[in-house]
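The values are calculated or read from the model by the stated rules, or taken from the named source; none is laboratory data. Just so we're clear, the structure is a prediction, and the values are computed from it rather than from any experiment. Every residue, glycine among them, receives a Cβ derived from its backbone with ideal geometry; neighbour counts consider all protein chains shown.
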Amino acid sequence: MTAPNLVIRAKQVVLPQGITAASIHILEDKITTVANYEDCPPGCDLVDAPDSSILMAGLVDSHVHVNEPGRTDWEGFETATRAAAAGGITTIVDMPLNSIPPTTTRAGFAEKLAAAKSKCSVDVGFWGGVVPGNTSELAALLGAGVVGFKCFLIHSGVDEFPNVTEEDLRIALPELTRLGAILIVHAEVPGPISRTGIPAYHSAVENAATAHDNRVLPISPHRNVCATEYETFLASRPRAAENEAVELMIKLAREFGTRVHIVHHSSADALGELRAAKTAGLRITAETCPHYLTLAAEDIPDGATEFKCCPPIREQENCEQLWAALGDGTLDMIVSDHSPCPPEMKLRESGDFLAAWGGISSLQLRLPLVWTEAQRRGHSLEDLSRWLCAAPAQLVGLQNRKGKIAAGFDADLVIWDPQRQFTVAGQQLHHRHKLTPYEGKTLSGVVAKTFLRGRKIYDDGEFVGEPRGLLLTRTASTSSSESNL
Ligand SMILES: [Zn+2]
């Protein structure tokens, strides 16, 4: 066998079969061998991780809103992928909306690829979108390399990416099944939300005009609500909206045989249905996000719109049920749903939860956020690696290449210290915008070094080298390949 040109070794390496001391032999961009710790051939570069640190596969984040082209002032490929590298993430998958154009046509995807070219510090894959009337585009989008498709069952927040109804899905799903493509779903339906009587605002312009301090809204002859109280926002996005949406998607997955995945799941009341569907053998998976697992509605101050996202952060009791569902496999993975916007769209001055943009930026913080709470609950590093690396890689068809440390896989690796603590300071994050609901939180887990396909890209606070992230496109012939576009 050809000698490696790089060996990275550690006393604690997270491998699919458990945690052990090991030397990872790397030739160019691939792992060639997982060897004994002492096995380090002479003449190759050696990176020796400190005894206290963990060597793990680079994280995969399958839910990131990069917003370029068209809304690059919200984030962009350059800042998003640098934040990823600093957070130990070596692959992100971009969402098809908030960019203009959205990735709902072959032409829109071409614009997205052109915008991302030569700017990415980590590897980037792309979701396409299912919107009313674009069924004829789906085959071309898949052929051009999207990893699968996303849809909304409720207003997406931007007008150029309209939501679908059950009727629309009955047109799109047979095509998705025929193509063997996965559908990922924003699972809230409008019915229970409109029945609350609390108004929802979608357009950013309309929102800024609407918001003012302590806005009180009469929602029935007997009841007023105050837009600056978190409770009002939480009441406006009830669990029933998620529960009914999950129910609908289970029904349609059963009827059409489509592979379905529920994104950013929040309502604990739907976990039983999900569990039953999985037990019955349906091809359905679900993710949740750090904010649903580390924050609680009871603790959110009035006017703190940096905590607004959809579906909302719910009560502590709900949060504990989500952790239990991760433990028993009902929820499969934890991804960021990094969804930034310019800080003024958060309307922090008026503190109007109903009019503020919904979305939380947490790409760079996913590892320490999840680890801090996971270890408190007795979850292992193997669990962490499955939720943050292997499961999201599998979701997007990269399970033979990313998300694990194994021979033949990309040499995407992160060295991090699980015990070292730090305090979150938004100004020090590499996201384009610094407003964060985690400001001032003390977290465990500091990323020391990140390697992308055998090259160091991040080293103790410094970025190394030019951006060399690949744009990963799924080719028609295999389900897990790539090209360097
Ligand atoms: Zn999202």
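Residue-wise test of (1) away from the ligand (no atom under 15 Å from the Cβ); (2) touching a Lys or Arg at 6+ places or on another chain (Cβ under 7 Å); (3) modelled with pLDDT of 95 or more.
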{"position": "107", "(1), (2), (3)": "yes, no, yes"}
{"position": "120", "(1), (2), (3)": "yes, no, yes"}
{"position": "142", "(1), (2), (3)": "yes, no, yes"}
{"position": "150", "(1), (2), (3)": "no, no, yes"}
{"position": "157", "(1), (2), (3)": "no, no, no"}
{"position": "166", "(1), (2), (3)": "yes, no, yes"}
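A search for C-beta distances below 8 Å between a residue of the stretch 338-349 that is of a type in the set (Ser, Thr, Tyr) and any residue that is assigned to a strand (DSSP E or B) and within 16 Å of the ligand (Cβ to nearest atom), counting only pairs 6+ apart in sequence or on different chains, returns 339/360.
From 287, 317, 273, 298, which residue is charged (D, E, K, R) and within 21 Å of residue 129 (Cα to Cα)?
Values: 317 fails: within 21 Å of residue 129 (Cα to Cα); 273 fails: within 21 Å of residue 129 (Cα to Cα); 298 fails: within 21 Å of residue 129 (Cα to Cα).
The match here is 287.
Quick check on my filter: what residues within the stretch 401-421 are within 14 Å of residue 86 (Cα to Cα) and over 22 Å from the mean Cα position of the chain (by Cα)? Lay out the reasoning, then the answer.
Initial filter on the stretch 401-421 (within 14 Å of residue 86 (Cα to Cα)): 412-417.
Within the stretch 401-421, just 417 meets the criteria.
A single entry from 4, 69 fulfils the requirement of being in a loop (DSSP other than H, G, I, E, B) and farther than 30 Å from residue 111 by Cβ: 4.
Given the criteria away from the ligand (no atom under 16 Å from the Cβ) and on the phi > 0 side of the Ramachandran plot, does residue 272 qualify? I'd like the intermediate steps shown before the answer.
Details: away from the ligand (no atom under 16 Å from the Cβ): yes; on the phi > 0 side of the Ramachandran plot: no.
In short, no.
Would you mind finding the one in 62, 52, 23 that is at negative phi, in contact with a strand residue (DSSP E or B) (Cβ under 6 Å, 6 or more places away or on another chain), surrounded by fewer than 16 Cβ atoms within 10 Å (Cβ to Cβ) and of a type in the set (Gly, Ala, Ser)? Steps first, answer last, please.
Working: 62 fails: surrounded by fewer than 16 Cβ atoms within 10 Å (Cβ to Cβ); 23 fails: surrounded by fewer than 16 Cβ atoms within 10 Å (Cβ to Cβ).
52 is the lone residue from the list that is at negative phi, in contact with a strand residue (DSSP E or B) (Cβ under 6 Å, 6 or more places away or on another chain), surrounded by fewer than 16 Cβ atoms within 10 Å (Cβ to Cβ) and of a type in the set (Gly, Ala, Ser).
Is there a residue being without any contact (Cβ under 8 Å) to a residue 12 or more places away in the chain, part of a loop (DSSP other than H, G, I, E, B) and farther than 23 Å from residue 418 by Cα anywhere in the stretch 21-39?
Going through the stretch 21-39, the residues without any contact (Cβ under 8 Å) to a residue 12 or more places away in the chain turn out to be none.
No, because not a single residue in the stretch 21-39 is without any contact (Cβ under 8 Å) to a residue 12 or more places away in the chain, part of a loop (DSSP other than H, G, I, E, B) and farther than 23 Å from residue 418 by Cα.
Among residues of the stretch 322-337 that are within 16 Å of the ligand (Cβ to nearest atom), those with a Cβ under 7 angstrom from a residue that is basic (Lys, Arg), sequence gap 6+ or separate chain, pair up as 336/366. Taking the numbered list (1) outside any loop (DSSP other than H, G, I, E, B); (2) in contact (Cβ under 8 Å) with a residue 24 or more places away in the chain in turn, residue 97 passes all entries but (1). Only one of the numbered conditions (1) more than 25 Å from residue 275 (Cβ to Cβ); (2) more than 16 Å from the ligand (Cβ to nearest atom) is violated by residue 363, and that is (2). Checked against the criterion of being assigned by TED's automatic domain parsing to the domain that holds residue 180, without any contact (Cβ under 8 Å) to a residue 12 or more places away in the chain and among the basic types (Lys, Arg), the candidates 376, 366 yield just one match: 376.
Screening the stretch 115-224 for helices (runs of 4 or more DSSP H) wholly inside it with 3 or more residues that are in contact (Cβ under 8 Å) with a residue 40 or more places away in the chain and touching a Phe, Trp or Tyr at 6+ places or on another chain (Cβ under 7 Å) returns the ranges 166-179, 204-210.
Take the residues in the stretch 93-133 that are more than 19 Å from the chain's Cα centre (by Cα) and surrounded by 24 or more Cβ atoms within 10 Å (Cβ to Cβ), then tell me which one is nearest to residue 161 (Cα to Cα). Even if it seems obvious, please write down each step before you answer.
Going through the stretch 93-133, the residues more than 19 Å from the chain's Cα centre (by Cα) turn out to be 100-101, 104-111, 113-115, 117-119, 131-133.
Subset that is surrounded by 24 or more Cβ atoms within 10 Å (Cβ to Cβ): 104, 109, 131.
Working: 104: 8, 109: 14, 131: 7 Å.
Within the stretch 93-133, the match that is nearest to residue 161 (Cα to Cα) is 131.
The set of residues from the stretch 147-171 being of a type in the set (Asp, Glu) and surrounded by fewer than 19 Cβ atoms within 10 Å (Cβ to Cβ) comprises 159, 160, 166, 167.
Return yes or no: is residue 241 modelled with pLDDT of 95 or more, closer than 18 Å to residue 173 by Cβ and under 23 Å from the mean Cα position of the chain (by Cα)? Working first, answer last.
Working: modelled with pLDDT of 95 or more: yes; closer than 18 Å to residue 173 by Cβ: no; under 23 Å from the mean Cα position of the chain (by Cα): yes.
Answer is no for this residue.
If you filter the stretch 229-246 down to residues that are within 16 Å of the ligand (Cβ to nearest atom) and of a type in the set (D, E, K, R), you find that the one that is nearest to residue 305 (Cα to Cα) is 237.
Annotation note: Cβ proximity below 7 Å between a residue of the stretch 247-272 that is over 13 Å from residue 311 (Cα atoms) and a residue that is away from the ligand (no atom under 16 Å from the Cβ) and among the acidic types (Asp, Glu) (sequence gap 6+ or interchain) occurs for 247/273; 248/166; 250/273. Looking at 258, 288, 305, just one residue is more than 20 Å from the chain's Cα centre (by Cα), buried (at least 24 other Cβ atoms within 10 Å of the Cβ) and more than 18 Å from residue 439 (Cβ to Cβ), and that residue is 258. Within the stretch 269-307, being in a helix (DSSP H, G or I) and over 27 Å from residue 346 (Cβ atoms) holds for 269, 270, 271, 272, 273, 274, 275, 276, 277, 278, 279.
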